[in-house]
Amino acid sequence: MMSTYPLQQKLPAEVLVGGNAIWSRYRQYPVFGLRWWTGRSLLFCSVIAVVVVFIGLGTGVAVRDLGIALEVVVIEFVAFSLMATLGPALATAVRHLRWPESRERRAVVVAVLAGMVLSFFVDRLASSYIEQLIRPGMLAAGLPMPEQVVPPQPLLKAIGVAINVAALVLIYGLFGGGLALRAYFSERRRWDDHHHARELHALEGRVHDADLRLGVLQAQVEPHFLFNTLASVRALVRQDPPQAEATLDALVDFLRATIPKLRDDRGLHATLGQQLDICASYLALMQVRMGGRLAYAVTADDALRPLPFPPSLLITLVENAIKHGIEPRPGAGRVDVIAELDGDRLRVRVIDDGAGLQPGLSTGMGLANVREQLAARHGGQASFVLSARTEGRGICAEILVPIGSPA
């Protein structure tokens, strides 16, 4: 993933840590951004200027030479400023290349380490020059030079080396960009958390929108289906009262199976078993309503029934199979609903032997809603395929969803 947030803009409140004080306002910008580096450099160089002035005054008093003291101040200011800013400057240059995130992270670490190494040589060079500069004054004042100091005992020498190494790590590591490197990775983690939270919020929004569209679709389909069924019952009351009674019984069973599950918490806890029961009750009703010319079967292992499954999608496919497959075809017809495992995914098929694929069938509102629901809930892990059967007439509508994903 490539870093896309503008490095010259202030960080969002969800990512920002500190930066309220006047001397730390540079922290309101991304670490190793140009505005961050400029603000940090001004702060560090201001503190360095104050420190080296006191060092220069002490040197001037020691060597009794104001010119040498001023030269020491300038050299130490330049040296300490480079030591404080070299590593962050290199890391800032790297980050402005806008490389992919993994490559940027590695390059930033290398840049800060390279800055620390350069700082070491800057420090050695400046110290050597200052030593040569103040040597005559110190000799004239009778002050001892470093080589005139009595060499310490081996143990003391080892302790001194350890202290010097620790001091170098502290100076070059923290002062030269180590803390900035830590702040960079901390900021990247907050960015990742913020990005994931936004993605989750967007996904929840898409699911909510899809649920609203599903509700609208149900509000359009359910009354239409109910009115048609009641009209069929009305026509059968005089012609075939037993058939009318059987149709009403099947309708009651369908509504009992369907309405609580469709309206329960927007189907957020829907299972495959619930959806299969809805389809079975609907097919039983249609079997009675169509005078027995419909045969059907709902097949699934009991172990699959508790698995999560998106609500109302399966019944949409079954309704399509009846409306566009069985009803337009004269004579008997059959619909099979089959659920089975396919590796780490759940495969559910609705198969009919009806009229087959017709122009515009795959682009209807119901099937478009099926695709939107699957995309909103499972992204690219789910799929929906509508195809002509390879054996005989009819259509096979197939849904594949990952096992264990929330419906």
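The values are calculated or read from the model by the stated rules, or taken from the named source; none is laboratory data. Model, not experiment: these values are computed from the prediction. Glycine gets a Cβ as well: all are built from the backbone with ideal geometry, and neighbour counts include every protein chain shown. Remember, those area values only see protein heavy atoms, side chains included, never the ligands or the DNA or RNA. Shrake-Rupley method; radii C 1.70, N 1.55, O 1.52, S 1.80 Å.
Residue 330 satisfies every condition listed in (1) open to solvent by 10 Å² or more (accessible area, probe 1.4 Å); (2) in contact with a Phe, Trp or Tyr (Cβ under 9 Å, 6 or more places away or on another chain) except (2).
Selection of first residues in segment 340-353 that are under 18 Å from residue 302 (Cβ atoms) and of second residues that are assigned to a strand (DSSP E or B) and acidic (Asp, Glu), restricted to Cβ pairs under 7 Å at least 6 apart or on distinct chains, gives the following pairs, ordered by first then second residue: 347/340; 347/398.
Among the residues of segment 286-301, just one is open to solvent by 60 Å² or more (accessible area, probe 1.4 Å), of a type outside the set (Val, Ile, Thr) and either part of a strand (DSSP E or B) or touching a His at 6+ places or on another chain (Cβ under 8 Å) (or both), namely 296.
Any idea how many residues of segment 30-50 are out of contact with any Pro (no Cβ under 7 Å at 6 or more places or on another chain) and open to solvent by less than 30 Å² (accessible area, probe 1.4 Å)?
The first filter runs over segment 30-50 and keeps only residues out of contact with any Pro (no Cβ under 7 Å at 6 or more places or on another chain), leaving 30-31, 33-35, 38-39, 41-50.
Still in the list and also open to solvent by less than 30 Å² (accessible area, probe 1.4 Å): 30-31, 33, 39, 41, 48.
Here the count works out to 6.
Among residues of segment 10-33 that are farther than 15 Å from residue 186 by Cβ and free of Cβ contacts under 8 Å to residues at least 24 places away in the same chain, those with a beta-carbon under 7 Å from a residue that is of a type in the set (Phe, Trp, Tyr) and in a loop (DSSP other than H, G, I, E, B) at least six positions away or on a different chain give the pairs 10/29. Residues in segment 84-109 that are within 25 Å of the chain's Cα centre (by Cα) and open to solvent by 40 Å² or more (accessible area, probe 1.4 Å): 96, 97, 98, 99, 100, 102, 103, 105, 106, 109. In segment 373-396, the residues that are on the phi > 0 side of the Ramachandran plot and in contact (Cβ under 8 Å) with a residue 12 or more places away in the chain form Cβ pairs under 9 Å with partners that are open to solvent by 20 Å² or more (accessible area, probe 1.4 Å) and not in a loop (DSSP other than H, G, I, E, B), at six or more places apart or across chains, as follows: 394/334; 394/351; 394/388. Here is the figure for segment 251-275: residues that are modelled with pLDDT of 75 or more and in contact with a Leu (Cβ under 7 Å, 6 or more places away or on another chain) total 3.
I want to confirm something. Restricting to segment 381-407 and keeping residues that are open to solvent by 30 Å² or more (accessible area, probe 1.4 Å) and at pLDDT below 80, which single residue is farthest from the chain's Cα centre (by Cα)? Among them, the one singled out is 392.
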